[in-house]
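First the structure, in the form of C-alpha cells, and then the observations on it.
FYI, it's all coordinate maths here, none of it is from the lab. Source: prediction; values computed, not measured. Methodologically, a virtual Cβ is constructed for each residue, glycine included, from the backbone with ideal geometry; neighbour enumeration extends over all protein chains shown.
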DNA sequence: CGGCCGATTATCT
DNA sequence: GATAATCGGCCGG
C-alpha cells in the first residue's frame, strides 16, 4: 500500500480525521511489520479548541503540533499511557488527529506479545493507549515523520470508508472541558459491518 | 453489560 | 502542587 503524502495531512484536522478511517497504521519493529486498520479517530485543532493541548499555547510538549503536518505527536498521560496522533496542517496551526482504535491486519503475533491482556479478543485494540501498547509505540517516536518511505512508523492508504459507514460523536474523556468544545462531533467511527455489506 | 474507582508520573502553573 | 485526549478490576443487575 502506498504511503500517505504530506498533502493529505495538510488540511483541517476534522477532514483528515474522517479520511484516516480505513487507512493502515504501520510500525516496523525488529523486521516485523505490525499493521492495523484505523477505525476510530478524533480531531483536535487550534488554540481556541479548549479540548486541545495547544489551548495553553506553545509549550515544549505542544511544539510538534505547530510544526510540519504528517509527523507523529506522541504524548504521555495518566501517568502510564502513550497516545498517538498525526499532526495536521498548515504549519503554525496547532492541530492533530488522535488514533483511537485499529483492527489488526499484520504482525498479530508480535502485537499479542506486546499486549497480552485480552489478546486477540474482542476490544483488545479499541482504545488509544491499547493500540500504542500493542504496536510498541512510546515517546521515542514523538515528532517522527510519517511520510518518509521505509521509515519505521508510517500510515498507508487502505480502504475507502463510505459516508454511510461513518458515524460521529462528541470526543471522549473531555470531562473538564467547557462547551461547546466538550460536545463538538469531532470523533469519527467506522462501522466495519456496513463496509463489507 | 454498565458504572465507579484507583493507578502512576510527565507536563504545566 | 494539580491535572490528565485511559485502562482494568470490581461491583451490581
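Taken over the range A:170-197, residues that are over 17 Å from residue A:15 (Cβ atoms) and in a strand (DSSP E or B) amount to 0.
The residue pairs whose first member lies in the range A:110-121 and is without any contact (Cβ under 8 Å) to a residue 12 or more places away in the chain, whose second member is assigned to a helix (DSSP H, G or I), and whose beta carbons are closer than 7 Å, counting only pairs six or more residues apart or on different chains, are A:119/A:112.
Please verify whether residue A:143 is part of a loop (DSSP other than H, G, I, E, B), in contact with a helix residue (DSSP H, G or I) (Cβ under 6 Å, 6 or more places away or on another chain) and under 26 Å from residue A:79 (Cα atoms), treating the condition exactly as stated. When the stated conditions are applied, residue A:143 passes them. Within the range A:54-81, residues that are over 23 Å from residue A:155 (Cα atoms) sit with their Cβ atoms under 7 Å from residues that are more than 10 Å from DNA strand C (Cβ to nearest atom) and not in a loop (DSSP other than H, G, I, E, B), at 6+ positions apart or across chains, in these pairs: A:58/A:66.
Taking the criterion of being more than 16 Å from DNA strand C (Cβ to nearest atom) and either outside any loop (DSSP other than H, G, I, E, B) or more than 22 Å from residue A:36 (Cα to Cα) (or both), the residues of the range A:151-167 that qualify are A:153, A:154, A:156, A:163, A:164, A:165, A:166, A:167. Under the condition of being buried (at least 19 other Cβ atoms within 10 Å of the Cβ) and in contact with a helix residue (DSSP H, G or I) (Cβ under 9 Å, 6 or more places away or on another chain), the residues counted in the range A:148-157 number 2. Note on the range A:109-131: among residues that are within 8 Å of DNA strand C (Cβ to nearest atom) and in a helix (DSSP H, G or I), the one that is nearest to residue A:152 (Cα to Cα) is A:131.
Table: residues versus (1) within 10 Å of DNA strand C (Cβ to nearest atom); (2) within 18 Å of the chain's Cα centre (by Cα).
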residue: A:5; (1), (2): no, yes
residue: A:23; (1), (2): no, yes
residue: A:47; (1), (2): no, no
residue: A:52; (1), (2): yes, yes
residue: A:68; (1), (2): no, yes
residue: A:72; (1), (2): no, yes
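Of the residues making up the range A:48-69, none is touching a strand residue (DSSP E or B) at 6+ places or on another chain (Cβ under 9 Å) and closer than 22 Å to residue A:161 by Cα.
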